[in-house]
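Undergrad: Once you've had a glance at the structure underneath, I'll fire off some questions.
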Amino acid sequence: MPPVFRFAPSPNGYLHLGHALSALMNADLARAAGGRLLLRIEDIDTSRCRPEFEAGIQEDLAWLGLTWEQPVRRQSEHFDSYREALARLDAMGLIYPSFESRAEIARLAEQREQRRRDPDGAPLYHGEAKSMSLAERARRMAAGEPYALRLDTAAALAQAGALAWAETGAGPGGETGSIAADPAAWGDVILARKDTLGSYHLAVVVDDAAQGVTDVVRGQDLFHATSVHRLLQNLLGLAVPRYHHHRLVLDAEGRKLSKSTRATGLRELGAQGLTAADIRRAVGLD
């Protein structure tokens, strides 16, 4: 079977040079391996994703000279898949609801002088929800309180044991080869919220398995998240792809390009007269 690669942007803004590097690398590696290239639209956050951004993504990718298989998978069309995965984890006794806001979690961590943070820099969860009675959880959820469904990572690791993944790229510190996963560094990660049926972590492993993805090529900013993905793959009995984390495209101040910082979009660069070949050179590809 030929290898399967995928480019999976979120339609909450237009593509920039960082996206271009990832999309072009997926296309180049798929072509070199005689493999398939898929496009997945990660629009699970329906409050932020917009049809015009999805249309813009496909226009920009076509401008770069990329083609991909049809149909395009949209996360918003597969909520039942994420709901089923959550139900399986719940039946294993591995998820629980927490009711604190992000600000409350940060305040609790400060009060207890528990300053451990996850690899993304967020305070680890130290709330009381895990020890809350089933009746109290049910009462608060029935009352309509906002909540997040978290993975009981310690219990999950007790079932899964030691985990690793095959890295053909490199992590931020140059890590490559067989990488030992460390899901505990993330604490009890959020897998869903009251108004969102799946987090990035849950949806991405379900989607990759459903699409038969064999090679995940993405930026180094997601290197450490692979530990969580390996744990979920193990718990849900999903196939494990190879991973290739690539360098990031940085701005003049050394920061990762981001939609939130209004990085210059590919369509703006095209309007300035740049060609697809110019974009390849700009992101360091021959």
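The values are calculated or read from the model by the stated rules, or taken from the named source; none is laboratory data. Being a predicted model, the structure only gives us computed values, none of them experimental. Note that we place each Cβ from the backbone using ideal geometry, even for glycine, and neighbour counts take in every protein chain shown.
Undergrad: Among the residues of region 196-208, write down those that are among the aliphatic types (A, V, I, L, M) and not in a loop (DSSP other than H, G, I, E, B).
TA: LEU202, ALA203, VAL204, VAL205, VAL206
Undergrad: Okay, next question. Restricting to region 209-236, name every residue that is part of a helix (DSSP H, G or I), β-branched (Val, Ile, Thr) and under 17 Å from ARG247 (Cα atoms).
TA: In the first step, residues of region 209-236 are kept if they are part of a helix (DSSP H, G or I); the result is 209-210, 220-222, 226-236.
Those still in the list that are β-branched (Val, Ile, Thr) too: 226, 228.
Listed by number, the list holds a single entry, THR226.
Undergrad: Being part of a strand (DSSP E or B) and either at pLDDT 95 or above or hydroxyl-bearing (Ser, Thr, Tyr) (or both) narrows it down to one of LEU37, LEU86, LEU21, so name that one. Write out each step before concluding.
TA: Working: LEU86 fails: part of a strand (DSSP E or B); LEU21 fails: part of a strand (DSSP E or B).
Checking each option against the conditions leaves just LEU37.
Undergrad: Quick one: is GLU52 over 18 Å from the mean Cα position of the chain (by Cα), of a type in the set (D, E, K, R) and in a loop (DSSP other than H, G, I, E, B)?
TA: No: the conditions fail for GLU52.
Undergrad: State whether the residues of region 55-64 include one that is crowded, with 20+ Cβ neighbours inside 10 Å and closer than 30 Å to ASP152 by Cα.
TA: The answer is no; no qualifying residue exists.
Undergrad: Follow-up question, since we're still on this one. Would you confirm, using the coordinates I've provided, whether ALA129 is surrounded by 18 or more Cβ atoms within 10 Å (Cβ to Cβ), among the aliphatic types (A, V, I, L, M) and out of contact with any Cys (no Cβ under 7 Å at 6 or more places or on another chain)?
TA: Yes; evaluated as a whole, the condition is true for this residue.
Undergrad: Being buried (at least 20 other Cβ atoms within 10 Å of the Cβ) and among the charged types (D, E, K, R) is the filter; apply it to region 1-53 and report the residue that is farthest from VAL240 (Cα to Cα).
TA: Among them, the one singled out is ASP43.
Undergrad: Tally time: how many residues in region 157-195 are assigned to a strand (DSSP E or B), in contact with an Asp or Glu (Cβ under 8 Å, 6 or more places away or on another chain) and either surrounded by fewer than 14 Cβ atoms within 10 Å (Cβ to Cβ) or of a type in the set (Phe, Trp, Tyr) (or both)?
TA: 2
Undergrad: I've got another one for you. Of all residues in region 136-156, how many are without any contact (Cβ under 8 Å) to a residue 60 or more places away in the chain, of a type in the set (A, V, I, L, M) and not in a helix (DSSP H, G or I)? Full working, then the answer.
TA: Start the filter on region 136-156 by keeping residues that are without any contact (Cβ under 8 Å) to a residue 60 or more places away in the chain, which leaves 136-148, 150, 152, 154.
From what is left, the residues that are of a type in the set (A, V, I, L, M) are 138, 141-143, 148, 154.
The next check asks that each one be not in a helix (DSSP H, G or I); those that pass are 143, 148.
So the count comes out to 2.
Undergrad: Further question: How many of the residues in region 126-156 are within 20 Å of the chain's Cα centre (by Cα) and at pLDDT 95 or above?
TA: Residues of region 126-156 within 20 Å of the chain's Cα centre (by Cα): 148-153, 156.
Applying the additional criterion that residues be at pLDDT 95 or above yields 149-153, 156.
Here the count works out to 6.
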